Amino acid sequence: MAKHETPLLDELEKGPWPSFVTDLKRQAETKPECWDILGQLELSYKDRITHWKHGGIVGVFGYGGGIVGRYSDVPAQFPGVEHFHTVRIAQPSGLYYTTENLRALMDLWEKYGSGVTNMHGSTGDMIFLGTRTENLEPLFWDLTHDLGQDLGGSGSNLRTPACCLGESRCEWACYDSQEICNHLTQHYQDEIHRPAFPYKFKFKFSACPNDCVAAIARSDFSVIGTWKDNIRIDQAAVKEYMADNAEYPSNGGAHKGGDWGPFDIQKEVIDLCPTQCMWMEGDELKIDDAECTRCMHCINVMPRALRPGAEKGASILIGAKAPILDGAQFSTLVIPFIEVNKESDFEEVIDVIEKVWDWWMEVGKNRERVGETMQRVGLPTFLSVMEVEPLPQHVKEPRSNPYVFWKEEEVPGGWDRDVKEFRKRHAA
Amino acid sequence: MALSVEEIEAAMIAKAEKSPKPQLYIKDFYACAPDMKPREVKKIANALVTKGKLMFWSSGSTTMYAVPSRIKDEEK
Ligand code: HEM
Ligand code: HEM
Ligand code: SF4
Ligand code: SF4
């Protein structure tokens, strides 16, 4: 039986789509507090204002993150959501769970919370939605002691690092994204669990430019696999694709359902290469690798014929964010190629990370993501902070500012000037 | 002359007690330890939380520090 009338929310159950309203009503059969989520949301739709209070002091002892405190501002009306805190659970690298572990996690959440989950949140963690303050410590105890799992990051912390499934399953992986993700998670425990920065900071690791974890859009520090040398071509396999051999379906058969007609390498691959760096010479496929942007299109279409090069590593891009202050932005290429090396405990990548942190913690304003700080100072300044020589690949668009500012060390012979003497004649 | 850790801690608590708003950002504490790197200041602030002299206040996306007595507990 419905505890509250929800005519506005009920509209969201019409139509062919899955509905969170239907899901919450079903959940309310065993977890009655879910009625109060619906009741309060209905009231918000009517009042056109949120009834969640923002923020608070809840957490587990010793941790400054992982729990997001939420309280209702109308608890008398909706006691089930008087407290409705979110718990972030760190996800395993590549999101590999055993069914046994998933069941144990769900049992834990049935016991201590509303049973409502979000798998996975945009940071990467598994999100448990809705519990009371007094349940937090017991939940944390069972999670860490019985399941050997940990909370993720929230607030001004390093957020739970996330990665693609990489070398565990994917032949395109250019580095071991799971290994570095796990290594840095261990290495930066303090930064994950205790606030460290002017604002949140996220790492994400995709082992090739297909970027399955959307690192370029969702992380301040995006590590995306790439290669230095040439795309490896198996010309015999190219011919099999062109002959429409059923053993060589385009895109690995992912679009097999549709009627696309015979495979057309010119139309489906060569003409779609964004840098127009491919062509046929007789029946041989040629690539001008110096012009290839590593977009992965040709490799995705003909996986049996084309492979990433052999000299593998990653590009580091910095500064993605979703809109809170300004619009969304992607990360910007900063380090074109870096080796991602387990033998050195990923020291090369760690050096870059700490260079960014040291600068951003100093220069970044409160609640300013590093991408906003970069925008504020400009890319040339940021590149000099990072001690990176500017490259054509760093340039997003032709210059829009007609002035060129030289530094003294950039001009042969430098210059002498006495600013005091100059100001005597030209007051500032 | 560089300040001792005790002097820095005292300066941080004094700042959190006197600030117009009870919650402070980590950056607000940098001035208490002018010779230290921000990551060192962060360690001191977090140690003060462990000792119960400061506490975290989080919006979910941002974390701030406050003197416990100045914070309204939503549950009281
Ligand atoms: C044991 C259970 C599960 C396994 C092993 C599993 C495995 C996977 C794998 C391997 C992918 C990637 C597919 C690809 O792009 O190649 C995927 C994607 C996805 N899964 Fe699951 N999944 C499980 C449960 C679930 C559940 C319960 C949900 C939702 C309630 C879900 C929602 C999704 C969604 C939305 C994607 C697409 C993600 C994206 O496009 O970025 N999965 N899953
Ligand atoms: C019409 C209702 C709602 C809409 C349209 C909505 C939409 C969204 C969207 C688009 C996201 C980002 C998801 C992602 O990228 O992973 C999100 C995240 C989230 N939502 Fe909602 N939401 C709704 C209701 C709720 C309710 C009722 C709650 C809590 C009771 C809630 C709690 C959260 C939380 C905690 C996150 C963050 C998850 C994370 O850490 O990534 N939302 N929501
Ligand atoms: S990002 Fe690349 S390497 Fe990682 S899973 Fe996706 S396709 Fe494979
Ligand atoms: S990876 Fe992209 S840019 Fe490079 S050759 Fe293939 S289609 Fe062209």
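The values are calculated or read from the model by the stated rules, or taken from the named source; none is laboratory data. The model shown is predicted, which means the values in this text are computed figures rather than measured ones. Cβ atoms come from the backbone with ideal geometry, glycine included; neighbour counts cover every protein chain shown. Ligands, DNA and RNA are excluded from the accessible area calculation, which covers all protein heavy atoms including side chains. Shrake-Rupley method; radii C 1.70, N 1.55, O 1.52, S 1.80 Å.
Annotations for the structure displayed:
- With DNA, RNA and ligands ignored, accessible area of residue A:208 (1.4 Å probe; Å², nearest 10): 10
- Per residue, the convex hull spanned by the Cα atoms of the range A:7-145 measures out at 137 cubic angstrom.
- Heavy-atom accessible area ranking, 1.4 Å probe, most first, across A:260, A:279, A:357: A:260, A:279, A:357
- With all protein chains in place and ligands, DNA and RNA left out, the 1.4 Å accessible area ranks A:175, A:45 as A:45, A:175, largest first.
- Per the Debye calculation on the range A:341-386 with a single equal scatterer at every Cα and no solvent contribution, log₁₀ I(q)/I(0) for q = 0.22, 0.27 Å⁻¹ amounts to -0.74, -0.94.
- Here the convex hull built on the C-alpha positions of chain B has a volume of 94 cubic angstrom per residue.
- For residue A:50, the accessible surface of its heavy atoms amounts to roughly 80 Å² (probe 1.4 Å, protein chains only, rounded to the nearest 10).
- For residue A:42, the accessible area of its heavy atoms, probed at 1.4 Å with every protein chain present, is near 0 square angstrom.
- Left without a cysteine partner by the 4.7 Å Cβ rule in the protein assembly as shown: A:34, A:170, A:174, A:208, A:273, A:277, A:292, A:295, A:298, B:32.
- Residue pairs exceeding 24 angstrom between C-alpha atoms, taken from A:407/B:37; A:202/B:72; A:321/A:407; A:355/B:43; A:321/B:37; A:202/A:342: A:407/B:37; A:202/B:72; A:321/A:407; A:321/B:37.
- Which of A:108, A:20, A:78, positive extreme of dipole for the range A:7-145 (C-beta unit charges): A:20
- With contacts taken as Cα pairs under 8 Å at a separation of at least 6 residues, chain A carries a relative contact order of 11 percent.
- Cross-link partners of residue A:25 among aspartates and glutamates (Cα-Cα below 14 Å; sequence separation of 8 or more within a chain): A:5, A:10, A:11, A:13, A:33, A:36, A:42
- Candidates B:8, B:24, B:48 compared by Cα position along the dipole of the range B:1-59: farthest toward the positive end lies B:24, with charges placed on Cβ.
- Gyration tensor (alpha-carbon) shape descriptor, the range A:94-138, a/c threshold 1.5: oblate
- Descending Cα extents along the principal axes, the range A:300-343, whole Å: 44, 33, 16
- Out of every Cα-Cα pair that the protein assembly as shown contains, those further apart than 45 angstrom amount to 27 percent.
- The calculated FRET efficiency for residue A:141 paired with residue A:280, based on their beta-carbon distance and R0 = 60 Å, is about 0.40.
- Of the residues A:232, A:70, A:399, the one with the largest accessible area comes first in the ranking A:399, A:232, A:70, computed with a 1.4 Å probe on protein heavy atoms.
- For the range A:203-291, the equivalent ellipsoid derived from the alpha-carbon gyration tensor has semi-axes of 28, 18, 12 Å in decreasing order.
- About the centre of its Cα atoms, the range A:212-265 shows a dipole size close to 240 debye [charges on the beta carbon of Lys, Arg (+1) and Asp, Glu (-1) only; nearest 20 debye].
- Spin-label proximity, residue A:182 to the range A:82-97 - amide N less than 12 Å from point 7 Å beyond Cα toward beta carbon: A:92-96
- The charge dipole of chain B, taken about its Cα centre with unit charges on the Cβ atoms of Lys, Arg (+1), Asp and Glu (-1) only, comes to about 160 debye.
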